[in-house]
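This report concerns only the one structure given below.
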Amino acid sequence: MTDIDSLLEESLACDVLVIGAEGAGARAALEAARQGASVIAMTKGKSGRSGATLTAGGEISIDSRSATTVLGLDGDLDDSPETFALDMLRAGEFLNDQRLVQVHASEAPYRIKELVEWGAKLEDLVQGPGHAYKRGVWITGLKLARLLSRRMKLAKIPVLEERMALEILTDPDGVTGVLALDIRRGRLELVRCKALVLATGGGMRIFPLVTAPEELTGDGMAMALRCGARLQDMEFPMFLPYTFLTPSALSGNVFPYEVSALMNAHALNRFGERYLQRWDPHNMEHTTRDVNSVAAAVEVLEGRGSLHGGTYLSLSHLPPNLVDFSSEWLPPNRRNWMADGFNLKDFFETPGQEAWEVAPACHFWNGGVHINDRCETGLPGLYAAGEGTAGIHGANRLSGNGLTMTQVWGQRAGKFAGEGAAETKLRPPERDQLQLAVEKFDHLCLPGSGPNPLELRRQIRRTAGELVGIVRSGERLKQAQVEIDRLRSELPHQSARSPQPESNFEWVEALQNENQLDVLEAIVLSSLGRHESRGALYRQDFPEADDDHGLHNQVLGRCCGEWTVHKRPVEAVFASLPVGVRRYGVKPHVASLSENGGQQE
Amino acid sequence: MSASSLPKSAASLKASSLTDNAASPAGKKTICISVKRGDRVHSWVESYTIPSEAGRSILGGLQYIRDQLDPTLAFGGSCRIGLCSACMLRANGKPARACTVLLEGDVFLEPLRAEEVVRDLVVED
């Protein structure tokens, strides 16, 4: 049993606490510290060795003109931040918060320039899908994560590793601190702060097949929801098509997708049909990622899938020597059949001559905590940045814009949290609230014979995969809701088999289960509330995009177990909104820039 | 504890495990994973038998144990593609990333540094 007095006595204190210490979190911590705030960063994994930044492909998107004028790269002067912003709206199918998009496009070059000043080597400038110009500044996520980790060491920012934040503590004036679990020691820890930045990433691990690391379970979104903040655009988790489904060591590996983007690979169903003919006969496998994912999922749902429930991707229609040559010119980390830490020749006799079993994997979180352009959440003292915040990408993200998001919005969150902390006093946490949070955790640690957290996690994933998934319908979503209610009733009874506190991953799983259920339910409610298909959401029962009725964001709150869903119309700030009804996958026509732009497209 | 051969890198496994499994029906063959468990004070070796499966990594084997056999087993893991090193351990005495080394036969797993064990396969940084 945890003693409240010693918890308070041993508590740490700072001006700005940042939860999540990778792309966005590290950047927020660095900026807040630069402003003179005392900063503590906290991560569920290890600094520079966890989180989604680490596994990110390698593009940071900025407009091509700035790539030339600000970074000295070989870009295209015809591009501009405004054109980049319009491409973001087109990809996001106009659900983006246009104010955030303007900030994003205009500040991105300067954040990348700072990375260069800190020692980042920009390797290339590439043109990703959906971009009108070459905008992808190439630096791998691994190098970026390590660079930021080194900068935090230089700035002497303490990073509490292997800490899972459990609850945000508040009083009537806002945030007072965070209760966290020191996973390695197995004991609770209190960090008091004047301002808190959530940079905890998405909730991809709720789904069975994912490209993201293990720790991405939506903790920050669920915590924010529990303390009164709101979630937005939760119906749009994004899936990356063509990741390995089998063998299991490769599951979720993005190699096939990257090959499909650069070569004429064929996506096939069990009958050997190129099923994309039914979806986008012109672009076929080079159609957008959302259409690719939906088309593959429909093949499986309608009984035309592969042996293990995916589809096939194949290069075997191409001459073998041509395929062999690709291993000399594919991106450096993909040459000679290398797929990150794997060599495909260890799994396939002749990798280029066999059909790979592939399936879309959950890759990115377009929605999340509602923020304004100062990263404020509406709860005083609570800021949020990076993946797991809403508004920047709308219904779908442009390629390479995930890393940009970490740098632009991490920096802003650190800046505004630092400013906010300077005007705030450190206040003691409310004892009753702390007591409740501690009791909730202590209850979880009691040995018992209730459902094991691992088993509950399996059921959550199964529900997410089978009833929510990529292709949704009202009927399956309602079944998911019933299943979520049942799983929620099991939550208080979960019990770990091991009482040993140190590195007790059953406890971690139990805590994550509550978060994952909150986030999954938010996806279900938001998906039920959208009677159309748009971006990363495809509803089988409403298969068209309806710009006349669909241009609103759904903002969710949860109080005392009751959800509220508020539909807020999208505002045209710099670009007017499209009208009419479109076939799913056909991008909306960008009508015009509004008064301050005036440029017709 | 079996004196099986060292786990080779994935490179050496194609001929043995993939072909063998293709020849015999799935589920007939099993693999024994022995794990040195405990902390710096108490330790013991626990053996788990799991079905063999072509193309399963050591990490995949550990996850199978945790999901199906013993939820109390502690080990690290994050990126699953050989970048983060959170799953480093010793497999048959040799340092290995559990996510990118395949299970080719019976294997003995230990924490990377015995003197820094926190619990089972988890070590201090």
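A few remarks follow.
- Taking one quarter of the surface of the convex hull spanned by the alpha-carbon atoms of the protein assembly as shown gives a direction-averaged projected area of 29.8 nm².
- Order by protection proxy (mean Cβ within 10 Å, highest first), peptides A:492-505, A:62-75: A:62-75, A:492-505
- Near A:T404: Cβ cut-off under 12 Å, other residues only, Lys/Arg at +1 and Asp/Glu at -1. The net charge is 0.
- The HN-Hα couplings worked out from phi for the stretch B:72-86 by the Karplus form 6.51 cos²θ - 1.76 cosθ + 1.60 (θ = phi - 60°) are 8, 5, 9, 7, x, x, 9, 7, 6, 10, x, 9, 8, 6, 5 Hz, whole numbers, x standing for Gly and Pro.
- Using the Cβ-Cβ distance between A:Q127 and A:L154 with R0 set to 25 Å, the FRET efficiency from 1/(1 + (r/R0)^6) comes to roughly 0.15.
- For the stretch A:476-601: relative contact order, % (alpha-carbon pairs under 8 angstrom, 6 or more apart): 17 percent
- Applying the Karplus relation 6.51 cos²θ - 1.76 cosθ + 1.60 with θ = phi - 60° to the stretch A:245-251 yields 3J(HN,Hα) values of 9, 9, x, 4, 4, 9, 4 Hz, where x marks Gly and Pro.
- Signed unit charges on C-beta, dipole axis of the protein assembly as shown, positive-most listed residue A:F236, A:T311, A:W563: A:T311
- Residues A:E455 and A:E9, FRET efficiency given R0 of 30 Å [Cβ-Cβ distance, rounded to 0.05]: 0.20
- Nitroxide proxy distance, nm - points 7 Å out along Cα→Cβ at A:L307 and A:M1: 5.7 nm
- Average other protein chain Cβ within 10 Å of Cβ, residues A:496-505: 5
- A:Y538 long-range amide H proximity, modeled H, under 5 Å: A:R472
- Of A:D485, A:D547, the sequence from fewest to most neighbouring Cβ atoms within 10 angstrom is A:D485, A:D547.
- Residue-count net charge about A:L307 - beta-carbon cut-off 10 Å; Lys, Arg +1, Asp, Glu -1: 0
- Cα long-axis angle, helix A:289-301 against chain A (0 to 90 degrees, to the nearest 10): 90 degrees
- Computed [θ] at 222 nm, deg cm²/dmol, the protein assembly as shown (DSSP H ≥ 4; -39,500 (n - 2.57); rounded to nearest 500): -9000 deg cm²/dmol
- A Cβ-based charge dipole, computed about the Cα centre of the stretch A:125-251 with Lys and Arg at +1 and Asp and Glu at -1, lands at about 740 debye.
- Amide proton proximity set for B:C99, modelled H, under 5 Å, gap of 5+: B:L59
- Local net charge near A:R534, Cβ-Cβ under 13 Å (Lys/Arg +1, Asp/Glu -1): -2
- Peptide A:135-147, shielding by other chains (average Cβ, 10 Å cutoff): 1
- B:S47 paired with A:V581, simple spin-label distance in nm, labels 7 Å along Cα-to-beta-carbon: 6.7 nm
- The stretch A:317-457 shape via C-alpha gyration tensor axes, a/c threshold 1.5: oblate
- Rounded FRET efficiency, nearest 0.05, which uses the C-beta distance separating A:C559 from A:M263 and R0 of 56 Å: 0.65
- Applying a threshold of 24 Å to the alpha-carbon distances of A:K153/A:K415; A:K113/A:K587; A:K46/A:K134; A:K113/A:K194; A:K44/A:K121 flags A:K113/A:K587; A:K46/A:K134; A:K113/A:K194; A:K44/A:K121 as lying beyond it.
- Peptides A:227-239, A:127-139, A:94-106, A:556-568 ranked from most to least packed by the mean count of surrounding Cβ atoms within 10 Å: A:227-239, A:94-106, A:127-139, A:556-568.
- The angle separating the long axis of helix A:474-490 from the principal Cα axis of greatest extent in chain A is about 30 degrees.
- Length added when fully stretched, A:K113-A:L491, from 0.36 nm per residue minus Cα-Cα: 131.4 nm
- Nearest 10 degrees, 0 to 90: helix A:141-154 Cα axis against chain A principal axis: 30 degrees
- Remark on A:A13: its backbone amide H falls under 5 Å from those of A:R192, a criterion applied only to residues 5 or more positions apart or on other chains, H modelled at 1.01 Å from N.
- Listed peptides A:5-12, A:260-267 appear in the order A:260-267, A:5-12 once ranked by packing, highest mean of other Cβ atoms within 10 Å at the front.
- The stretch A:555-566 - phi-based ³J(HN,Hα) in whole Hz, Karplus 6.51/-1.76/1.60, Gly and Pro as x: 10, 10, x, 9, 9, 6, x, 9, 8, 10, 10, 10
Only the coordinates and a few stated rules stand behind these numbers; no lab work does. Since this is a predicted model, take the numbers as computed values, not measurements. Glycine gets a Cβ as well: all are built from the backbone with ideal geometry, and neighbour counts include every protein chain shown.
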